[in-house]
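Have a look at the structure below before the remarks.
The values are calculated or read from the model by the stated rules, or taken from the named source; none is laboratory data. Not measured: the values here are computed from a predicted model. Here the Cβ positions follow ideal geometry from the backbone for every residue, glycine too, while neighbour counts run over all protein chains shown.
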Amino acid sequence: MEENIMLQIGKRLRRQREKMNLVREEFAEKAGISPQFLAEIENGKKGMSVSTLYKICMNFNISADYLLFGHLSSEELSDTAKETIHLLPEPYRSYTEDIIEIVNNIILESQSNYKKDNKS
């Protein structure tokens, strides 16, 4: 597998793990791999088997399309936005995905806090 591709996949995997607030040890245990191997995947030093990819996607509800290609789910973006992002060259595509994810996380967190505040 091309090194740049492995690095991008690892970066997206790390982003998803951190989004779930899981340390490597917790994530690796649930994925059935060692924390050391997970670190190597996240750092783009090693690729993962189809079996490992499948377990990660199933156990953590992560899109294989996102991990492999960086495509965000259709619920998150309009068709026009997805097409525009897809046309961006790297590293701008990754930067844009990072920004969208940060904004999305802020919105989700503020909605969650709003619901908690209004339950009291």
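For Phe27, the criteria (1) at pLDDT below 90; (2) touching a helix residue (DSSP H, G or I) at 6+ places or on another chain (Cβ under 7 Å) hold in every case but one, which is (1).
Take the residues in segment 42-72 that are within 23 Å of Asp98 (Cβ to Cβ) and among the β-branched types (Val, Ile, Thr), then tell me which one is nearest to the chain's Cα centre (by Cα). The qualifying residue nearest to the chain's Cα centre (by Cα) is Ile62. When segment 65-92 is limited to residues that are closer than 24 Å to Thr52 by Cα and of a type in the set (A, V, I, L, M, F, W, C), the one that is modelled with the lowest pLDDT turns out to be Leu72.
Condition test on Phe60, is it out of contact with any Pro (no Cβ under 9 Å at 6 or more places or on another chain) and at pLDDT 95 or above? So Phe60 does not fit the description; no. Residues of segment 67-79 include none that is in contact with a Ser or Thr (Cβ under 9 Å, 6 or more places away or on another chain) and in a helix (DSSP H, G or I). Count of segment 25-37 residues, restricted to those that are surrounded by 13 or more Cβ atoms within 10 Å (Cβ to Cβ) and more than 13 Å from Lys55 (Cα to Cα), is 4. In the set (1) surrounded by 15 or more Cβ atoms within 10 Å (Cβ to Cβ); (2) modelled with pLDDT of 95 or more; (3) within 28 Å of Ile107 (Cβ to Cβ), the condition left unmet by Arg17 is number (2). Would you say Thr96 is modelled with pLDDT of 80 or more, among the β-branched types (Val, Ile, Thr) and surrounded by 15 or more Cβ atoms within 10 Å (Cβ to Cβ)? Yes, satisfied.
Residues in segment 1-41 that are touching a residue at least 12 places away in the same chain (Cβ under 8 Å), farther than 17 Å from Glu101 by Cα, assigned to a helix (DSSP H, G or I) and among the small types (Gly, Ala, Ser): Ala31, Ala39.
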